[in-house]
Amino acid sequence: MAMAALSLPSWCRHANAMAVVALLLMATAAAPAAVQALLQDDVNFMWGQDHSFFHNDGNGVDMLALCLDKTHGSGFRSKAAYLYGRFDIDVKLVANNSAGTVTTVYLTTDDVRPGHHDEVDMEFLGNVTGEPYTLHTNIFVDSVGNREQQFRLWFDPTADFHTYSFEWTPKNIIFLIDGRPIRVHKNDGVAFPTQRRMRLDGSLWNADDWATQGGRVKTDWTQAPFYAYYRNFRVTPCAPPPSPAGAAVYCGDDEAPESAAALRRVRAEHLLYDYCEDQNRFKATGLPKECTTD
Ligand SMILES: *[C@@H]1O[C@H](CO)[C@@H](O)[C@H](O)[C@H]1NC(C)=O
Ligand SMILES: *[C@@H]1O[C@H](CO)[C@@H](O)[C@H](O)[C@H]1NC(C)=O
């Protein structure tokens, strides 16, 4: 969909609870999308609502821009919570010099008490102009993470929207980009979130103490405000089980063979770091169980 010349303010803060900014469309999209729920009806802000802008033009263009300046960024959370489902959202990352910024999409429980928190993360670590973003992923179960995997994207994530997805079933957590699986965490006798509902969050914030080249490159505030864009949030919840006494798995299928091949290919080409291959780090305890099964 054409989305040229979006007019956004050159400052972040606004006073109204829900700023809706006019869209200038240079080229009109061919066919308006089917009527769908507006993003602004589906999310609440955890912080920085005054640094967020909704755009909807009534023609299927429905978008949320998060804004980061020196004071703070912004973070939203889906109103609905789910136990298993397929979550998709389109994101366009901070362009040009994004060093020090982090843009996120993640699933999270509301419960943050130690031992009770689950989270499935995609964090996009910005970089100086011309250098690549890093996609940092992690999985927390019962508040324990340490399951980092990092990827180099095979496209410019600032040039256009791409679809970032989680497929969370009783069997697997699958991370996908534009429908291509990049990471699978299998529920076979390892730590796996099965107990608590999760919501989808998105955020943009400053993390220049660690994000870019290990924290050596700081955010250049002369480039602020920084914008990241979200649109087209959709959730396909798991269907209820056909019978309560039926099989435990009633949502999602096993990975198709072709997606297993696609997964291997993406990982062969784009994986930067995998905790499962970090023997040194787990020298004392041995690799986590999920790293040594199959
Ligand atoms: C990024 O840089 C290009 C080229 O200088 C410029 O046209 C564009 O407006 C910049 N984008 C942002 C978001 O600053
Ligand atoms: C930024 O670019 C440098 C140089 O290409 C690269 O080593 C680094 O992994 C990139 N990403 C981040 C988040 O630092």
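All of the numbers you see were taken from the coordinates with simple rules; none came from a lab. The structure displayed is predicted, hence computed values, not measured ones. Cβ coordinates were reconstructed from backbone atoms using ideal geometry, including for glycine residues, and neighbour counts include every protein chain displayed.
Some points to look at:
- Pairs of Lys residues in the chain that lie 8 or more places apart, or on two chains, and have C-alpha atoms under 21 angstrom apart add up to 5.
- Between the Cα long axis of helix 257-270 and the first principal axis of the chain there is an angle of about 60°, rounded to the nearest 10.
- Taking label positions 7 Å along the Cα-Cβ direction at both residue 180 and residue 44, the computed distance is 3.8 nm, reported to one decimal.
- Subtracting the Cα-Cα distance of residue 18 and residue 281 from their residue separation scaled by 0.36 nm leaves 90.1 nm.
- Over the chain, dividing the summed -39,500 (n - 2.57) contributions of all DSSP H runs of at least 4 residues by the number of residues returns a 222 nm mean residue ellipticity of -2000 deg cm²/dmol.
- Using C-alpha pairs under 8 Å with a sequence gap of at least 6, the mean separation divided by the residue count of the chain gives a relative contact order of 22 percent.
- Taking Cβ atoms as reference points and 13 Å as the exclusive limit, the residues near residue 129 contribute a net charge of -3, counting Lys and Arg as +1 and Asp and Glu as -1.
- Label point 7 Å beyond Cα of residue 160 along Cβ direction - residues of region 201-228 with amide nitrogen under 12 Å: none
- Springs join every pair of Cα atoms under 10 Å in this Gaussian network model of the chain, and among 259, 203, 52 the largest mean-square fluctuation is at 259.
- Taking the number of Cβ atoms within 10 Å of each Cβ as an exposure proxy, the fewest-first ranking of 98, 143, 78 is 143, 78, 98.
- Highest-MSF residue in the chain out of 193, 157, 114 [GNM, Cα springs under 10 Å]: 114
- Estimated dipole of the chain in Debye, rounded to 20 [Cβ of Lys and Arg +1, of Asp and Glu -1, Cα centre]: 240
- Fluctuation leader among 202, 130, 73 - the chain, Gaussian network, Cα springs under 10 angstrom: 130
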